[in-house]
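Contents: one structure, followed by commentary.
The values are calculated or read from the model by the stated rules, or taken from the named source; none is laboratory data. This is a predicted model, so every value here is computed, not measured. Please note: Cβ atoms are built from the backbone with ideal geometry, for glycine as well, and neighbour counts cover all protein chains shown. All accessible areas refer to the heavy atoms of the entire protein, side chains included, with ligands and DNA or RNA removed. Shrake-Rupley method; radii C 1.70, N 1.55, O 1.52, S 1.80 Å.
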Amino acid sequence: DGVAVKDVYKALTMSARTQVENEPNYSYVTARLLLQDLYREAIDGLSIDFDLAKQPVDELYPICFREYIKKGIAHDLLHPNLKDFDLKKLSEALLPERDFQFTYLGLQTLYDRYFIHIDGTRIELPQIFFMRVAMGLAHCEGDAERDNRAIEFYNLLSSFDYMSSTPTLFNSGTQRPQLSSCFLTTVPDDLDGIYGAIKANALLSKYAGGIGNDWTPVRAIGAHIKGTNGKSL
């Protein structure tokens, strides 16, 4: 008595998770329980009047999608150019049944690391997540093709036939659309170059870029430094 519904679902999820090692299908059971928790969290985060006990998830997604775009832009989490899309057309292209493809580990990873949130409350559902990424990728396609390309990208991603790398999943459609995974740099043999490279690494890492540095030009330990007549450390 007195336990909140969301806490009941968390307890169920944790209990089901312990059974995965005994029966692999529990991974899907646990994912379904986590989905119910996520749906409720998004409903609260988007301030939507929706009763999951009486209304199907098919009806939830279009409502959530429109409110998500509006609220995400208002909180500077999404890029304003997402309003250029035909949001009604895109909301109708969402396929809620694809939520059931997730195993527990996959969905929990998205929940913990990828879904957009406001003060810790997730406002992004799995299919909206894929559509947000697709919209960010398709915006440059031009007015005539923008919506169709977004749906095409969405279908590839949500079916798991193709998956973008982490920076794209993090940043596509947001205010910081850095989509690349890997950056290779060469570090010059001077203080400005060395510390400039460290700063560049920090900025690239901030938006999920992976970094490889070529330190070949930098002199070895014990090499002579002409400017100070000392030795390199």
Q: Scan I128, I194 and give me the residue that is surrounded by 19 or more Cβ atoms within 10 Å (Cβ to Cβ) and among the aliphatic types (A, V, I, L, M).
A: I128
Q: Check whether at least one residue in the stretch 96-106 is within 18 Å of the chain's Cα centre (by Cα), on the phi < 0 side of the Ramachandran plot, open to solvent by 60 Å² or more (accessible area, probe 1.4 Å) and without any contact (Cβ under 8 Å) to a residue 60 or more places away in the chain, and report yes or no.
A: yes
Q.
So, in the stretch 137-154, exactly how many residues are open to solvent by 30 Å² or more (accessible area, probe 1.4 Å) and small (G, A, S)?
A. 1
Q: At least 2 residues that are farther than 30 Å from Q19 by Cα in each: list the helices (runs of 4 or more DSSP H) lying fully within the stretch 73-153 that qualify.
A: 87-93, 126-138
Q: Output the number of residues of the stretch 175-200 satisfying the condition of being more than 29 Å from the chain's Cα centre (by Cα) and of a type outside the set (G, A, S).
A: 9
Q) Can you name the residue in the stretch 29-54 that is of a type in the set (S, T, Y) and buried (at least 16 other Cβ atoms within 10 Å of the Cβ) and is also nearest to D99 (Cα to Cα) among such residues? A) Y39
Q. Is the stretch 155-163 home to any residue that is open to solvent by less than 40 Å² (accessible area, probe 1.4 Å), hydroxyl-bearing (S, T, Y) and closer than 30 Å to E97 by Cβ?
A. yes
Q | Matching residues in the stretch 203-233 - criterion: being within 27 Å of the chain's Cα centre (by Cα) and open to solvent by 60 Å² or more (accessible area, probe 1.4 Å) | A | L203, S205, K206, Y207, I211
Q) Given the conditions (1) open to solvent by less than 30 Å² (accessible area, probe 1.4 Å); (2) over 17 Å from E124 (Cα atoms), and given that L78 satisfies all but one, which numbered condition is not satisfied? A) (2)
Q.
So for the stretch 158-168 (the condition being in contact with a helix residue (DSSP H, G or I) (Cβ under 6 Å, 6 or more places away or on another chain) and either in contact (Cβ under 8 Å) with a residue 60 or more places away in the chain or acidic (D, E) (or both)), does at least one residue qualify?
A. yes
Q: Only residues in the stretch 206-227 that are touching a residue at least 12 places away in the same chain (Cβ under 8 Å) and under 30 Å from L169 (Cα atoms) count as the first member; pair them with residues that are aliphatic (A, V, I, L, M) and part of a loop (DSSP other than H, G, I, E, B), Cβ under 8 angstrom, at least 6 apart or cross-chain, and list the lot.
A: N213/V187; D214/V187
Q. Is there a residue being without any contact (Cβ under 8 Å) to a residue 12 or more places away in the chain, open to solvent by less than 80 Å² (accessible area, probe 1.4 Å) and aliphatic (A, V, I, L, M) anywhere in the stretch 65-73?
A. yes
Q | Residue tally, condition in a helix (DSSP H, G or I) and either open to solvent by 40 Å² or more (accessible area, probe 1.4 Å) or in contact with a Phe, Trp or Tyr (Cβ under 7 Å, 6 or more places away or on another chain) (or both), over the stretch 164-177 | A | 5
Q: Please determine, by comparing only the residues of the stretch 178-197 that are in contact with a helix residue (DSSP H, G or I) (Cβ under 6 Å, 6 or more places away or on another chain), of a type outside the set (S, T, Y) and part of a loop (DSSP other than H, G, I, E, B), which one is nearest to I225 (Cα to Cα).
A: V187
